[in-house]
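Here's the structure, in structure tokens; my notes come after.
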Amino acid sequence: MKNRLIDAIPLPPFFALAGQIYDTASNMLDLNWAPLSGACVVSRKVWDKLPAETQAALRESAEKAGNDIRAQARKEMTESVEAMKKRGLTVYTLTPEAEVEWRKLAESAYPKIRGGLVPVEMFDEVMQLLAEYRAAHTP
């Protein structure tokens, strides 16, 4: 029974499907902004002791694993949304104008993230890489 008390649940589709959230919250905004990230952290001291060939092999392996994980996650996301749609989920697509508003809202948190949650140098580098990517991939 739907009680209409839930306004929003920010979850990746896979988790929404697993938790059967679509039964309580039957509307979804197609807003792909829930990144899942991971890392293998190695101290500089240990890394510097590894032979160059081993470092190269680890980098190559990590890149391949990252690509494989990303592809599988995207596949699972699509499959999860389709499964929920079959069970009554309604998916709404953002207009370009609404996406601009969502982006502005997200960017308003950047001052708290930069230097707070993420070191300034790293934040700035990621923002520069993002700008370069968007410039190269925006029609």
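None of the figures in this text is laboratory data; all of them are computed from the coordinates on show. If you're wondering where the values come from, they're calculated on a predicted model, not measured in any experiment. Glycine gets a Cβ as well: all are built from the backbone with ideal geometry, and neighbour counts include every protein chain shown.
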Problem set entry | Residue range of the chain that is longest and free of trypsin sites (Lys or Arg not before Pro) which are both DSSP loop and sparsely packed (at most 16 other C-beta within 10 Å) | 5-86
Exercise. Short version: ³J(HN,Hα) in whole Hz for each residue of region 98-107, in order, from phi by Karplus 6.51 cos²θ - 1.76 cosθ + 1.60 (θ = phi - 60°), x for Gly and Pro, what are they?
Worked result: 5, 5, 4, 5, 4, 4, 4, 4, 4, 5
Exercise. What is the magnitude of the charge dipole of the chain about its Cα centre, with +1 placed on the Cβ of each Lys and Arg, -1 on the Cβ of each Asp and Glu, and no other charges, expressed in debye to the nearest 20?
Worked result: 360
Exercise. When the convex hull of the Cα atoms of the chain is projected onto a plane and the area is averaged over all directions, what value comes out in nm²?
Worked result: 12.0
For this session: Grab the DSSP H runs of the chain that are 4 residues or longer, score each as -39,500 (n - 2.57), total them, divide by all residues and round the 222 nm result to the nearest 500 deg cm²/dmol.
Result: -18500 deg cm²/dmol
Problem set entry | For residue 29, distant residues with modelled amide H under 5 Å away | 92
